[in-house]
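So the structure is just underneath, and the comments pick up after that.
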Amino acid sequence: QSLQTTENETNITPPPQAKEKLSLTIISPENNALVNQEKLEIVGKTSPKAMVAIVYGEGEKIIEADEKGDFKGEITLVGGGNEITISAFDNKGNEVSKTLNIVFSTAEI
């Protein structure tokens, strides 16, 4: 078998829109974290200038990521388990979500 590339094998590069998949990484807090403060800062990274919605027990917060894609927002926890959904949206209609479960307890361990 020869090592020559045939015509249809040369187009290996993915289409440009494949590169622009919306990403969402939660830097802190960790999922299933136990915290002892009512105020919690959600820190993460997504696509530059994406809109980020943080939905939690007490309401929701909408923030815009900066030009590097970094975002942070402070929320208020309720006692016990808190389910927090962080969703990122870009201007192309893409959406990605992550859910965190955080336990807020002031009990001494």
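The values are calculated or read from the model by the stated rules, or taken from the named source; none is laboratory data. A quick note: this is a predicted structure, and the numbers were derived from the prediction, not measured. No Cβ is skipped: glycine too gets one built from the backbone with ideal geometry, and neighbour counts run over all protein chains shown. Side chains included, ligands, DNA and RNA excluded: accessible areas come from the protein's heavy atoms. Shrake-Rupley method; radii C 1.70, N 1.55, O 1.52, S 1.80 Å.
For the pair residue 51 and residue 107, the difference between a 0.36 nm per residue extended length and the Cα-Cα distance amounts to 16.6 nm. Whole angstrom only: what separates the Cα centroid of region 20-57 from the Cα centroid of region 63-109? Centre-to-centre (Cα) distance: 4 Å. Indicate the gyration tensor shape class of region 37-93 (rounded, prolate or oblate), computed on the Cα atoms with a ≥ b ≥ c the square roots of the eigenvalues: a/c under 1.5 is rounded; otherwise a/b larger than b/c is prolate and the rest oblate. Here region 37-93 falls in the prolate category. Annotation: lysines with alpha-carbon distance below 28 angstrom to residue 92 (same-chain offsets under eight excluded): 19, 21, 45, 49, 61, 68, 72.
Quick one: with all protein chains in place, what share of the accessible area of region 45-84 is carbon or sulfur, to the nearest percent (1.4 Å probe)? Carbon plus sulfur share of accessible area: 48 percent. Positive-end ranking of 40, 82, 69 along the dipole of region 21-109, with charges on Cβ about the Cα centre, is headed by 69.
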